[in-house]
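Undergrad: Pasting a structure here, questions to come.
The values are calculated or read from the model by the stated rules, or taken from the named source; none is laboratory data. Remember, predicted model here, so these are calculated numbers, not experimental data. Here the Cβ positions follow ideal geometry from the backbone for every residue, glycine too, while neighbour counts run over all protein chains shown. SASA here: full protein model, heavy atoms, side chains in, ligands and nucleic acids out. Shrake-Rupley method; radii C 1.70, N 1.55, O 1.52, S 1.80 Å.
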Amino acid sequence: MIRPATDNLLARLGELLAYDASSPLIFSSGLFLFLFAGFMLVYGALRRATTARIVYVILFSLYFYYKSSGIYFLLLIFAATSDFLIARALHRTQRQGLRRLWVAASVAVNLGMLGYFKYTNFLVDIGNQLFGAGFLQFQNIFLPVGISFFVFQSMSYTIDIYRRQLEPLTNWCDYLFYLSFFPQLVAGPIVRARDFIPQIRRNPVTVTREMFGTGVFLILTGLFKKAVLSDYISLNFVDRIFDEPLLYSGFECLMGIYGYALQIYCDFSGYSDMAIGIALLLGFRFPKNFDAPYKSATITEFWRRWHISLSSWLRDYLYISLGGNRKGRVRTYVNLLLTMLLGGLWHGAAVRFILWGALHGTALALHKMWLSVVPGAKPDGAHMHWWSRIGGMLLTFNLVCFGWLMFRAESMQTVGLMLHQIFEHFNAPMIPQVLAGYTSVFLLIGLGYLLHLLPERVDATAQRIVTHAPAALQIVMAATMVWLVMQVKSSDIQPFIYFQF
């Protein structure tokens, strides 16, 4: 009797330790919740043992990344080692020419890794299209999860040191801790070194009641967004539309686009909420990454509210480096377009991502031009009359949704088919039938947008209630949310959309 039980235990342990590309370790999975509970028990015991705590978190973070990307966790260690050494050399160097070489080396190493793993297949496909099938045989490179995030995060560290805005770390473990910290490792937010590093060696780690309660609130809301709203809408409606658009009416295709707009927001902001909440439970503060972006009345405002850590990174390290708005209007428009083109390419090696970036870059440039030539034009909805703000929100939302169509479609052919159905076969008489057939989906889509558009004071009140609730009530809230997730979840765990970036 003992031997089978032991064999079963060893088998489960092997499953826990093994890397499975089809089943990454994600926040909404039962496995992560189980591991995190055990992790927190040891973490709490090490709250005053600074070095041991740092090493312990690093080991857990590397295991977390190994479960998502296998042997490529070594790539993370390499990136940390490379930029740690380059930053030390950069700090010791006084000659500006050599300093430029050091920071260029950091950018080259980071972008070299990103380019090799993310864009090789794209370039091979272009080569084969230009010179014939089979011209290049090199294909199917594995894309390590979240490589775009930790590469950008690491580059910001060396660039800040080059700009003399930051002192380099003297301890390699501290830098590896910063780069590998598991809450934000695979899908952001992109945390700046100057914001995070001062928090690493605080002793003891302090988690106030406000931090703990806010962390619980963010984890629960993030779980609701991801596992209830996003996954259900995706599996039961959006994926079907985008897979076979010709089987559906134009109304269904349009609703599929609006559904995807909510899906990607709930998926990504849900992950960010959980990441920020988990970090708070560990005693670390992350910057806000989303601020109700579909309330935006202009495209400029949208990019101040959507994926804030990326948009601010592109502004500070790319747009400003290109000259920003310091070299005249035309150059400003060009810089905006180039920044968003490269932002689109950051998201993926495909023409549709480049076109998505071009759409947003052009829209930002046109809005900048509008502000300069139209007296009284406003940069955001906060300064508009209510009727002007509503009109701006509708225009901005539909522009963003057109971009999401290119972002989600597997090819430009799918984009064309979706638009063809919307403009040629809308089939309005079928709307009641469609609404009846997808009642639960449309109810959740309506609920998602309603919650998104609620005034900020409502969200602040809900957060305050959860934050100051007794621990027993917080446990009941968490159990209720887990129960709700279990009621609507599919048989397979859905990976986060931004894992592919």
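Undergrad: Within segment 344-385, which residues have the backbone N less than 13 Å from the label spot 7 Å out from Asp291 along Cα→beta-carbon, could you tell me?
TA: Hits in segment 344-385 for Asp291 at 13 Å: 380-383.
Undergrad: Which one of His91, Phe131, Val151 is farthest out on the positive end of the charge dipole of segment 88-238, using unit charges on Cβ (Lys, Arg +1; Asp, Glu -1) and the Cα centre as origin?
TA: His91
Undergrad: Report, largest value first, the span of the C-alpha coordinates of the chain along each principal axis, in whole Å.
TA: Computed over the chain, the largest-to-smallest principal extents equal 68, 65, 57 Å.
Undergrad: Considering only protein heavy atoms and a probe of 1.4 Å, how much of the accessible area of the chain is carbon and sulfur, as a whole percent? Don't jump to the answer; show the numbers that get you there.
TA: On the way: 15510 of 23300 Å².
The computed percentage sits at 67.
Undergrad: Separate question: Tell me the trypsin sites (Lys or Arg not before Pro) within segment 319-392 that lie in a loop according to DSSP and have at most 16 other beta-carbon atoms within 10 Å. Don't skip to the answer; put the middle values down first.
TA: Numbers: sites: Arg326, Lys327, Arg329, Arg331, Arg352, Lys368, Arg389; in loops: Arg326, Lys327.
Listed in order of number, the matching sites are Arg326, Lys327.
Undergrad: Related question: Could you tell me how far the Cα centroid of segment 266-309 sits from the Cα centroid of segment 344-361, in Å?
TA: For segment 344-361 versus segment 266-309, the Cα centre distance is 21 Å.
Undergrad: Could you work out how far the C-alpha centroid of segment 193-262 sits from that of segment 142-156, in angstrom?
TA: 20 Å
Undergrad: Under a straight-distance cross-link criterion of Cα-Cα below 28 Å, which lysines are reachable from Lys118, leaving out those fewer than 8 residues away in the same chain?
TA: Filter leaves Lys67, Lys226, Lys288.
Undergrad: Right, here's the next one. To check my understanding: the extent here is largest minus smallest coordinate of the Cα atoms along each principal axis. What are those three numbers for segment 168-309, in Å, largest first?
TA: 60, 29, 29
Undergrad: Report the calculated FRET efficiency for Leu447 and Arg329 (r = Cβ-Cβ distance, R0 = 45 Å), to the nearest 0.05. If you can, show how the numbers build up before the last one.
TA: Values: r = 44 Å, r/R0 = 0.97.
Result of the calculation: an efficiency of 0.55.
Undergrad: Can you tell me the relative contact order of the chain? Whole percent, Cα pairs under 8 Å, sequence separation 6 or more.
TA: Here the relative contact order equals 18 percent.
Undergrad: In addition: Calculate, in nm to one decimal, what Arg304 and Trp387 gain on full extension: separation in residues at 0.36 nm each, minus their alpha carbon distance.
TA: Working: separation 83, 0.36 × 83 = 29.88 nm, distance 2.15 nm.
Length gained, Arg304 through Trp387: 27.7 nm.
Undergrad: Place a label point 7 angstrom from the Cα of Arg194 along the Cα-to-Cβ direction, then list the residues of segment 147-163 whose backbone nitrogen is under 19 Å away.
TA: Answer for segment 147-163: 152-163.
Undergrad: Ranked by accessible surface with a 1.4 Å probe, highest first, in what order do Leu166, Leu76 come?
TA: Values: Leu166 30, Leu76 0 Å².
Sorted by accessible area, descending: Leu166, Leu76.
Undergrad: Please report, in debye to the nearest 20, how large the charge dipole of the chain is about its Cα centre when each Lys and Arg carries +1 at its beta carbon and each Asp and Glu carries -1 there.
TA: Working: 40 positive and 26 negative charges, 436 e Å.
So the dipole magnitude of the chain works out to roughly 2100 debye.
Undergrad: Can you work out the Karplus-derived ³J(HN,Hα) for every residue in segment 283-292? Use 6.51 cos²θ - 1.76 cosθ + 1.60 with θ = phi - 60°, whole Hz, and x for glycine or proline.
TA: x, 10, 10, 10, x, 5, 10, 9, 9, 6
Undergrad: Let me ask something additional. Which one of Gly30, Gly250, Phe181 is farthest out on the positive end of the charge dipole of the chain, using unit charges on Cβ (Lys, Arg +1; Asp, Glu -1) and the Cα centre as origin?
TA: Phe181
Undergrad: Here is a further query. Using a simple spin-label model with points 7 Å from Cα along the Cα→Cβ vector, what separation in nm is obtained for Gln487 and Met40?
TA: According to this spin-label approximation, the distance is 2.4 nm.
Undergrad: Any chance you could look up the accessible area of Glu424 with a 1.4 Å probe, heavy atoms only, rounded to 10 Å²?
TA: 120 Å²
Undergrad: How large is ³J(HN,Hα), in whole Hz, for each residue of segment 294-304 in order, when computed from phi with the Karplus curve 6.51 cos²θ - 1.76 cosθ + 1.60 and θ = phi - 60°, using x for Gly and Pro?
TA: Result, rounded to whole Hz: 7, 7, 5, 9, 9, 5, 5, 5, 4, 7, 8.
Undergrad: Still on this structure, please answer the following. Hey, can you find the accessible area per residue of the chain for me, probe 1.4 Å, expressed in square angstrom?
TA: About 47 Å² of surface per residue is accessible.
Undergrad: Treating the Cα atoms of segment 156-237 as identical point scatterers in vacuum, please give the log10 of the normalised Debye intensity I(q)/I(0) at q = 0.15 Å⁻¹, two decimals.
TA: Treating every Cα as an identical point scatterer, log10 I(q)/I(0) equals -0.76.
Undergrad: With each label point set 7 Å from Cα along the Cα-Cβ vector, what nm distance links Ala377 and Phe402?
TA: Between Ala377 and Phe402, the label points sit 1.7 nm apart.
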